[in-house]
Amino acid sequence: MPHFVYRITKYDPADRDEHGHYIGLEEPTSDHGAVEEAYLQAVAAFAAGAGIDRLAIREPQIAGVAHFGLEPAMEGHGLGGLFPSDLSGFHDGAEISLSVGLELVRAMLRGNGAWCRLEAEDTFAVHVGWDQYLYVSGDKLCESALAHTRALGLFPERLQASPYEADFDEPGVQRPADEDFWARLRWSVATRQAVVLEEGYVDSASRWHRLTENTLDAVRAKLTPRAKLTVWPDLSADVDTVLATLPAEGPVELVWEDGNGAVTSTIADETEYRALAVQVAGARAAVALPLDVDSRHPLFTAVLPDSDGVLRARWRTEQTPSDRNWAFLKTLRRGQIVTGVVTAIADFGVTFVDIGGFTAMINIPELSWRPIDHPTDVVTVGQEISARVLDVDMVRERVPLSLKALQADPMPQLMQQVGQVVTGVVTKLVPFGAFVRVEDREDGFEGLVHNTELAEEPVANPEDVIRVGDLLTVKILDVDPTRRRITLSHLQALAHGGP
């Protein structure tokens, strides 16, 4: 990290009050003047002293129509001539020459709307602040650059840190747009849960894409490096209703797809609704999104990593519930033992378990090795349980658990009884035979006595010779713990001397 940080200004430190506020006569702007050139020469001197000839753009942003300079606003947020009109090349991580970097500093000094940090790895940085304050950081003390800056009529002051240093110490982990993200997006598009992708190519500006299964890959290939991605539900085809239900007051963001398939957004308030209706005439679909972060409900978000898969972008997206699920799922692995609380038992037999704020599920076959009629035979709502993770499905955000995986399977013990004769209760009759419980317990294992093993005479219907609830003596012929099958014979039990 840079060890030396200087604030470079045209403001004489002697002209400050006891609170550090400037009280001199210098104006806070100096467009196209000698002072501006002095700033650029000072940056060039510090870069030369640090051996820097290339810089990286970090956290670029544009500020809409804002303009604070003395001269007319420059084209393209001050970037005209430096970058194309679509701002391609002006993105996080883009490497530029020092000469282009100096022109970016010029544009930022003029307050035309574009801003970014300029850095060279961890060795050099340039930040432009409000009112002609400039901050230069480096890992080398450049006495010649300091002397040159003073000779230019500027005042370099040593600081502990730049107030514009990147600070992204927010809780949680930023979700990368990795293969798990794209698999989830593809599944969401296929199931019509998500169709619109917002591409934040710089801070405060977005491009919008309405996705299909056929266009997703093409859109992905054209995204701006390190872009912030936000996934939304589909637009509404009822554009008239969207316009009719715009809020009575306050700004709103309207996103619409025009007749040519292009997706656009704009911010408008109640004074602009009439013009907005004209602007979106002929639109195929639209949606109105509130500007308040807490009222916007995207499905999930991510930031594009670099081509090597490493996420180097420092900016963060507003976490959605899905993003928080993703962060939790990344901590799980197959075979892991987790502890949770049973929150619900569905009528269709699935048990839902809260494991650290995420709802996992246990299908009824995974509750017990023994046969059960309903999950309530094993668990109750509110009960704390431990279970093994069977899988972590990042696409569908599902975690199936197994309660029985932490228990010993009792069926192999029955294998030791193969060949023995036991008496059990007939529990069920089926067209091809009868099921008999071979253990003296309510949840005991059941085996099948095929019709051919029920009596010496041919049996067409088991009901002709046996009833549910009858006691039947059987011989255990086979126990297959893998297929969960027990084969029994009443005939062989009789031959063995059974009743």
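The values are calculated or read from the model by the stated rules, or taken from the named source; none is laboratory data. Because the structure is a prediction, the values reported are computed rather than measured. Every residue, glycine among them, receives a Cβ derived from its backbone with ideal geometry; neighbour counts consider all protein chains shown. The area values use the complete protein model at the heavy-atom level, side chains included, leaving out ligands, DNA and RNA. Shrake-Rupley method; radii C 1.70, N 1.55, O 1.52, S 1.80 Å.
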5 angstrom amide H check on Lys140, placed H, neighbours 5+ away | His3, Phe4
Sorted by accessible area (1.4 Å probe), largest first, how do Leu304, Leu104 line up?
-> Leu304, Leu104
How about the stretch 8-38: which GluC sites (Glu not before Pro) there lie in a loop by DSSP and see at most 10 other Cβ atoms within 10 Å?
-> Glu18
DSSP loop GluC sites (Glu not before Pro) in the stretch 88-134 with at most 12 other Cβ atoms within 10 Å of their Cβ, which ones?
-> Glu121
Which trypsin sites (Lys or Arg not before Pro) from the stretch 210-244 combine a DSSP loop assignment with at most 16 other Cβ atoms within 10 Å?
-> Lys222
At the level of C-alpha centres, the distance separating the stretch 1-29 and the stretch 241-310, in angstrom, is 42 Å
In the neighbourhood of Glu446 defined by beta carbon distances under 11 Å, the net charge of the other residues (Lys, Arg +1; Asp, Glu -1) is +3
Log10 I(q)/I(0) at q = 0.22 Å⁻¹ for the stretch 234-376, from Debye over equal alpha-carbon scatterers, is -1.29
Between beta-carbons, use under 10 Å as the cut-off and find the net charge around Leu40, counting Lys and Arg +1, Asp and Glu -1.
-> -2
All-pairs alpha carbon distance profile, the stretch 342-499, 5 Å steps from 0, percent | 2, 9, 16, 17, 14, 12, 10, 9, 7, 4, 2, 1, 0
For the chain, take the alpha-carbon Rg, divide it by the Kirkwood Rh, and send me Rg/Rh.
-> 1.22
With a point put 7 Å past each Cα toward its Cβ, work out how far Arg396 is from Thr266 in nm, to one decimal.
-> 4.3 nm
Under 12 Å from the Cβ of Glu121, count the other residues' Cβ atoms, weight Lys and Arg +1, Asp and Glu -1, and hand me the total.
-> -1
Using only the alpha-carbon atoms of the stretch 324-406, report the extent along each of the three principal axes, biggest first, to the nearest angstrom.
-> 35, 21, 20
Quick one: order Thr320, Thr241 from most to least accessible surface, probe 1.4 Å.
-> Thr241, Thr320
Would you check the accessible area of Ser204, probe 1.4 Å, heavy atoms only, in square angstrom rounded to 10?
-> 90 Å²
Volume per residue (Å³) of the convex hull spanned by the alpha carbons of the stretch 237-301 is 93 Å³
Note to self, the chain gives a 222 nm [θ] from helices alone (DSSP H runs n ≥ 4, -39500 (n - 2.57) apiece, / all residues, nearest 500) of -5000 deg cm²/dmol
Quick one: accessible surface of His91, probe radius 1.4 Å, all protein chains present, in square angstrom to the nearest 10.
-> 30 Å²
At a 1.4 Å probe radius, which order do Arg396, Arg274 fall into by accessible area, largest first?
-> Arg274, Arg396
Area of Leu146 that stays accessible when all protein chains are in place (1.4 Å probe, Å², to 10) | 10 Å²
Quote to one decimal, in nm, the extra length available between Gln383 and Arg467 on full extension: 0.36 nm per residue of separation minus the C-alpha distance between them.
-> 26.4 nm
In the chain, what percentage of the DSSP-assigned beta bridges are antiparallel, given to the nearest 5?
-> 95 percent
Rounded, prolate or oblate (a/c below 1.5 giving rounded, otherwise prolate when a/b exceeds b/c) for the stretch 215-255 by Cα gyration tensor = oblate
